[in-house]
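What follows is a single structure, written as structure tokens, with notes after it.
Values in this text are rule-based calculations from the coordinates and carry no lab data. None of these values were measured; they are calculated from a predicted model. Positions of Cβ are backbone-derived with ideal geometry, glycine not excepted, and every protein chain shown enters the neighbour counts.
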Amino acid sequence: MQTLNLFLFGIPVLFFFPFVNLSPLFELHWTWWLLLIFLGANTFIAYTCIANTLKYTEANKVSIIIILNPLITFLTMGILTYLDVSWISGERFTLLSIVGALIVLSGAMLVAGKKKK
């Protein structure tokens, strides 16, 4: 599973690295560096855990977690927009985006509730 993660995340780094401008990174305050390190470690740990769950759980159950990740982001952005925070720009949710999120959520619930024969 670690080979899969290396392939999915390591190979694109090699392809995109020549096009990256690193100079803005050197101007960041140390607190932003801590945030970047935390978010990178969080992502690495999360995807490693998801890859390891494939050893112990059916793939369709693991895919539900993957489907729900964007919905959690969608909900979080909705809350932050409602709270009118100043450190991130608000999202404009259309009826189509809300209906799409509900369809994805209902599909995930149908898969989770399906009984195995």
**Request:** Using 0.36 nm per residue of separation minus the Cα-Cα distance, give me the extension gain between Leu71 and Ser97 in nm, one decimal.
**Result:** 8.3 nm
**Message:** Can you compute the FRET efficiency between Phe7 and Leu39 using 1/(1 + (r/R0)^6), with r the Cβ-Cβ distance and R0 = 25 Å? Round to the nearest 0.05.
**Reply:** 0.70
**Request:** Calculate for the chain the 222 nm mean residue ellipticity that helices alone would give, adding -39,500 (n - 2.57) per DSSP H run of length 4 or more and normalising by residue count, nearest 500 deg cm²/dmol.
**Result:** -23000 deg cm²/dmol
**Request:** For a label point 7 Å from the Cα of Leu105 along Cα→C-beta, name the residues of the stretch 74-99 whose backbone N is under 16 Å from it.
**Result:** 74-82, 93-99
**Asked** Can you list residues whose amide H is under 5 Å from Glu91's amide H, if they're 5+ apart or on another chain and H is modeled 1.01 Å from N?
**Response** Thr81
**Message:** Suppose a student asked you for the relative contact order of the chain, using Cα pairs under 8 Å spaced at least 6 residues apart; what percent would you report?
**Reply:** 27 percent
**Message:** Taking just the alpha carbons, could you work out the radius of gyration and Dmax for the chain, both in angstroms?
**Reply:** 18.3, 58
